[in-house]
Amino acid sequence: MNLEIAAFLVQDGMTVGAVYALLAVALVLVFTVTRIIFIPQGEFVSYGALTVVALNTGRTPNTIGLLVVLALLVWMREVWKLARTGFSWRVVNGILRDLAITAGVCAMGYIGASAQVPFAMKALISISIVVLIGTKVYRLVYEPLQSASILVLLIASVGVHLALTGIGLAMFGAEGSRTPPLVDLQANIGALTVTGQSVAIGVAALLAMLALSFFFGRTLEGKALKATAENRLGARLVGIRTVRAGRLALGVAAAIGSASGILLAPLSTIYYDTGFLIGLKGFIAAVIGGMVSYPVAAIGALMIGILESFITFETSSLKDVIVFTLILPVLLYRSLSFRDASQEQSN
């Protein structure tokens, strides 16, 4: 170990940590709005990366078929709702709007697989497909459980994770894939070589954070999400549709997850289950932030990425064990601080 190696490890750790930060922010968003500990966040990483790989090789991604199946299930449930409660133009308009959006995204997927379109467009198509999959998973699984306890929602998340992992194996197979670098450039800063891909990941993470900040602070939908996260009952009382807020939160989380997978695909081989470990590391960062603080979760993610990089240099076989062990002192600290706060309130 010397300064040159340490500088390289810090750069590598911050690159991966930026992706962990995006996933941590997505997990905090979903939890604060819906009370869901969203374990399947990592599946969006794999789905996004492997979908863009399929488009990049001229194949129609199987995620389009999954999207169609989920859409049909959602529409069947809505039609059943109409049959039970009576005709409603609002429900019919929702079905027609969802049908148009789903058909448009599927058509874009077929065009992206057959035509010579830029990689950036293929990435946007992949993200759109995964976003619709995420919102439909929410509508099918979590909307009927929106009044359930956090434990029930956690059990549902485990079930969704297992289902999406199995479906991922059936769609993508056991072999992994990579994509060419988004930015095939590099520059030397002293003895340190900075690649364009690492810069692209850092810039994308920064832009995503700024976009989320603008979204929550300047847009009506973002303010509705913030209100739902602060006080779910109060949000309902002032007319905010918390169900729609949940769909929006899952859509944003799916966009962040799929974009993270596309950013990571040039750096490492992505398999159908790769996203699970990546998502868990984002979850650790979210726990560091108490599942409520976006800045602390992002800082924790960067620390995890740097620590993982140094551990990999020393002992790659134990890197995941050591990184996941970090959650124990964090949980202990959270438990003790919560107990102290409870005692002060009781006194």
Of the criteria (1) closer than 20 Å to VAL130 by Cα; (2) loosely packed, with under 13 Cβ neighbours inside 10 Å; (3) hydroxyl-bearing (Ser, Thr, Tyr), which one SER149 fails: (1)
Could you please tell me which pairs satisfy a Cβ distance under 6 Å, a separation of 6+ or placement on different chains, a first residue in the stretch 294-316 that is surrounded by 16 or more Cβ atoms within 10 Å (Cβ to Cβ), and a second residue that is of a type in the set (Ser, Thr, Tyr) and in a helix (DSSP H, G or I)? ALA301/TYR20; ILE304/TYR20; GLY305/TYR20
Of the residues in the stretch 6-21 that are surrounded by fewer than 24 Cβ atoms within 10 Å (Cβ to Cβ) and of a type in the set (A, V, I, L, M), the one that is nearest to ALA229 (Cα to Cα) is MET14
Which of the residues spanning the stretch 258-290 are among the polar types (S, T, N, Q) and not in a helix (DSSP H, G or I)? SER268, THR269
From ALA200, ALA174, grab the single residue that is touching a residue at least 24 places away in the same chain (Cβ under 8 Å) and loosely packed, with under 12 Cβ neighbours inside 10 Å. ALA174
Suppose we filter the stretch 23-69 for residues that are within 14 Å of the chain's Cα centre (by Cα) and open to solvent by less than 10 Å² (accessible area, probe 1.4 Å); how many remain? 20
Between a residue in the stretch 93-117 that is over 17 Å from VAL68 (Cβ atoms) and free of Cβ contacts under 8 Å to residues at least 12 places away in the same chain and any residue that is open to solvent by 30 Å² or more (accessible area, probe 1.4 Å) and of a type outside the set (Ser, Thr, Tyr), which pairs come within a Cβ distance under 8 Å, given they are 6 or more apart or on different chains? VAL117/ILE111
Yes or no: the stretch 265-272 includes at least one residue that is open to solvent by 40 Å² or more (accessible area, probe 1.4 Å) and not hydroxyl-bearing (Ser, Thr, Tyr). yes
Subset of the stretch 105-121, residues part of a helix (DSSP H, G or I) and open to solvent by 20 Å² or more (accessible area, probe 1.4 Å), comes to ALA107, MET108, TYR110, ILE111, SER114, PHE119, ALA120, MET121
Please enumerate the residues belonging to the stretch 1-35 that are without any contact (Cβ under 8 Å) to a residue 60 or more places away in the chain and not in a helix (DSSP H, G or I). ASN2
Please name all residue pairs, on different chains or six or more residues apart, with Cβ atoms under 6 Å, provided the first residue is in the stretch 204-232 and is closer than 26 Å to VAL16 by Cβ and the second residue is open to solvent by 30 Å² or more (accessible area, probe 1.4 Å) and outside any helix (DSSP H, G or I). none
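The values are calculated or read from the model by the stated rules, or taken from the named source; none is laboratory data. Keep in mind that this is a model prediction, so the values were computed, not measured. When we count neighbours, we look across all protein chains shown, and the Cβ atoms used for this are built from the backbone with ideal geometry, even at glycine. Heavy atoms of the whole protein, side chains included, go into the accessibility calculation; ligands, DNA and RNA do not. Shrake-Rupley method; radii C 1.70, N 1.55, O 1.52, S 1.80 Å.
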